[in-house]
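The values are calculated or read from the model by the stated rules, or taken from the named source; none is laboratory data. Keep in mind it's a predicted model, so treat the numbers as computed, not measured. Don't worry about glycine lacking a Cβ; one is built from the backbone with ideal geometry, like all the others, and counts go over all protein chains shown. The area values use the complete protein model at the heavy-atom level, side chains included, leaving out ligands, DNA and RNA. Shrake-Rupley method; radii C 1.70, N 1.55, O 1.52, S 1.80 Å.
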Amino acid sequence: MRESIIELKRADLTLGRGASAVHVLKAIDLSIEAGTAVGIVGPSGSGKSTLLMVLAGLERLDSGEIVIAGTALHDLGEDAVAAFRGKTIGIVFQSFHLIPNMTALENVAVPLELAGAHDAFARARAELVSVGLGERLGHYPGQLSGGEQQRVAIARALAPSPELLIADEPTGNLDGETGKQIAELLFTKQRERGTTLLLVTHDPALAGRCARQVAMRSGTIVEGAAAAPASADTRP
């Protein structure tokens with residue numbers, strides 16, 4: 001059995017205050033092996049996306065423990081969490097989150113520069129070529145299709161060589177065929193690099209491609225909390 005890259009213990013989070021407070025995560029325990037692809041599934045409002053944001057260090061727990069790649073995030077301040085995230089975690093959002101007045105190359109390179117990479121533009125160029133956008137380096141997001149924008153976002157997430165890749169409904173804003181291409185790209189990159197992939201999706205076929213599924217309901221994990229033996233996706 002491989003080592004765990006994620007350990008959550010009694011993870012608890014409430015968003016909002018007073019009458020608007022919502023208990024989003026309820027004492028969650030979760031262990032995920034390194035190098036696996038894990039689909040997080042469940043109905044809307046079950047806490048899936050919030051769980052991903054906690055694992056990405058973008059939401060802080062009210063109580064409990066979170067250890068990513070051997071680092072206890074619950075013991076770190078915000079600046080230290082941000083620095084850790086920049087080196088260890090790549091994030092792909094449903095709505096791409098590209099900077100509109102930057103080219104594809106700049107969208108990938110600038111975060112690397114901010115993290116102190118001396119070869120940021122060379123690495124960004126290589127990542128964009130690897131996702132099939134070698135001819136689109138100088139294009140702005142508004143000049144790219146939705147699928148191309150998501151490829152830029154994937155290149156940006158992969159450029160720091162993260163140990164953990166988090167994708168929140170990465171095909172949600174795309175048509176069916178483009179969504180299939182983006183899903184294939186994610187799984188291919190995950191296999192090539194041995195990265196751990198956490199994927200929130202409403203698509204049963206997409207979740208079924210993962211080695212393991214974690215099902216959530218009403219802020220709790222109802223299935224798949226314990227680490228399961230990995231059976232890597234072998235599709236061509």
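Determine the relative contact order of segment 1-76: mean sequence separation of Cα pairs under 8 Å and six or more apart, normalised by residue count, in whole percent.
38 percent
Among L55, L76, L186, which one moves the most in a GNM of the chain with springs linking Cα atoms closer than 10 Å?
Taking springs between Cα atoms under 10 Å, the residue moving most is L76.
Enumerate the lysines that K189 could reach by cross-link, defined here as Cα to Cα under 27 Å, with residues fewer than 8 away along the same chain left out.
K48, K87, K180
Counting heavy atoms of the protein chains only and a 1.4 Å probe, report the per residue accessible area for the chain as a whole number of Å².
Dividing the accessible area of the chain by its residue count gives 46 Å².
Using a 1.4 Å probe on the protein chains only, how many percent of the accessible area of segment 1-134 belongs to carbon and sulfur?
With neighbouring chains kept in place, the figure for segment 1-134 is 52 percent.
Of G208, L52, A82, which is farthest on the positive side of the dipole of the chain, counting Cα position, with +1 on Lys and Arg Cβ, -1 on Asp and Glu Cβ, and the Cα centre as origin?
G208
Using the alpha-carbon centroid of each, what span in Å lies between segment 75-140 and segment 149-220?
When both Cα centres are located, 17 Å separates them.
What does the charge count around S4 come to, taking other residues whose C-beta lies under 14 Å from its C-beta (Lys +1, Arg +1, Asp -1, Glu -1)?
So the environment of S4 carries a net charge of -3.
Which far-off residues, 5 or more places away or on another chain, put their amide H under 5 Å from the one on V24, with H placed in the peptide plane?
The list, which skips near neighbours in sequence, is L13, T14, L15.
Quick one: which residues, 5 or more positions from V92 or on another chain, have an amide H under 5 Å from its amide H? H modelled 1.01 Å from N in the peptide plane, none for Pro or chain starts.
Correct list: I166, A167, D168.
Of the candidates V81, V67, V222, which one comes out as most mobile in a Gaussian network treatment of the chain with C-alpha springs shorter than 10 Å?
V222
Which of the helices in the chain meet the span-like rule: DSSP H, Cα axial reach of 20 Å or more, Kyte-Doolittle mean at least 1.0?
None pass (Cα extent of 20 Å or more, hydropathy at least 1.0).
At a temperature of 37 °C and a viscosity of 0.692 mPa s, determine how fast the chain diffuses translationally according to Stokes-Einstein, using the Kirkwood radius over alpha-carbon pairs as Rh; express D in µm²/s, rounded to the nearest whole number.
181 µm²/s
Stokes-Einstein at 37 °C, 0.692 mPa s, Kirkwood radius from Cα pairs: D for segment 89-216 in µm² s⁻¹?
After rounding, the answer is 224 µm²/s.
How many percent of DSSP beta bridges within the chain run antiparallel, rounded to 5?
For the chain, the DSSP antiparallel bridge percentage is about 50.
Can you run phi through the Karplus equation (6.51, -1.76, 1.60; θ = phi - 60°) for segment 21-28 and list ³J(HN,Hα) in whole Hz, with x for Gly and Pro?
Each residue's phi maps through the Karplus curve to give 5, 10, 7, 7, 10, 10, 6, 7 Hz.
As a test of understanding, state the convex hull volume per residue of segment 64-159 from its alpha carbons, in Å³.
Residue-normalised Cα hull volume stands at 109 Å³.
Run the numbers on the chain and let me know its relative contact order in percent, using alpha-carbon pairs under 8 Å that are six or more apart.
29 percent
Out of the DSSP beta bridges found with both residues in segment 97-236, what percent are antiparallel (nearest 5)?
So the antiparallel bridges in segment 97-236 amount to around 40 percent.
From the backbone phi of segment 89-103, what are the Karplus-calculated ³J(HN,Hα) couplings (6.51 cos²θ - 1.76 cosθ + 1.60, θ = phi - 60°) in whole Hz, Gly and Pro given as x?
Rounded to whole hertz, the list is 10, x, 10, 10, 9, 4, 9, 6, 6, 8, 7, x, 9, 10, 5.
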